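Working notes, structure below.
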Amino acid sequence: MSRSFFFCLLSLAFFLFASLNVACSRGNRGQEAQAPPPAAGFRTVTPAEAMQIIRTRKNLLILDVRSPQELKEGAIANSMLVPVWQIRSFKPDPNRPILVYCAVGGRSYMAGQYLYRNGVREVYNIQGGIAAWKRAGLPVVY
């Protein structure tokens, strides 16, 4: 294979990658986050999206799956504490939407998946947990 052919292929690959990167990076810059449409399923959302869900969804259950000791770090107002190790004994209304969070998002992801697989129709997980919520400047109660 000649050098010029190789250089041509490399240039073409770079151009395609750059075009795809630009096309995928276009989004809702500068626009306020919109609440995800209500839909059955499990979805991880940003803190801004979570705040919109809290503002717009009626009958939303906000579930904190951290330990009682972690509450000193603050909590989302009106949240219910159900530590992740107790999630199997927690029996929510399967038709009530649930927003779940923990410290950084790992436990809430697992708890949300569990709730969804066990019949809760609409579950949202806060990406990055309460840490990301606080970094976004959203309110916490102590």
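Remarks
- Condition broken by V22, with the remaining ones in (1) more than 20 Å from R121 (Cα to Cα); (2) part of a loop (DSSP other than H, G, I, E, B); (3) modelled with pLDDT under 95 satisfied: (2)
- Pairs meeting the criteria (first residue in the stretch 62-81 and polar (S, T, N, Q), second residue surrounded by 15 or more Cβ atoms within 10 Å (Cβ to Cβ), beta carbons under 6 Å, at least 6 apart or on different chains) are S67/P83; N78/I62; S79/I62; S79/D64.
Quick grid of which residues meet (1) of a type in the set (A, V, I, L, M); (2) under 21 Å from R121 (Cβ atoms); (3) at pLDDT 95 or above:
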site	(1), (2), (3)
G30	no, no, no
P47	no, no, yes
V65	yes, yes, yes
L81	yes, no, yes
N95	no, yes, yes
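- Yes/no for I53 being within 15 Å of the chain's Cα centre (by Cα), closer than 23 Å to A40 by Cβ and not acidic (D, E): yes
- Qualifying positions in the stretch 71-109 - at positive phi and out of contact with any Phe, Trp or Tyr (no Cβ under 6 Å at 6 or more places or on another chain): N78, G105
- Subset of the stretch 40-98 [among the polar types (S, T, N, Q) and not in a strand (DSSP E or B)]: T46, Q52, T56, N59, S67, Q69, N78, Q86, S89, N95
- When we screen Y114, Y124 for residues that are in a helix (DSSP H, G or I) and in contact with a helix residue (DSSP H, G or I) (Cβ under 7 Å, 6 or more places away or on another chain), the only hit is Y114.
- The one condition from (1) farther than 15 Å from G41 by Cβ; (2) not in a loop (DSSP other than H, G, I, E, B) that P139 does not meet is (2).
- In the stretch 100-111, the residues that are assigned to a helix (DSSP H, G or I) and surrounded by fewer than 18 Cβ atoms within 10 Å (Cβ to Cβ): G106, M110
The values are calculated or read from the model by the stated rules, or taken from the named source; none is laboratory data. Keep in mind that this is a model prediction, so the values were computed, not measured. Note that each Cβ is placed from the backbone with ideal geometry, even for glycine, and that neighbours are counted across all protein chains shown.
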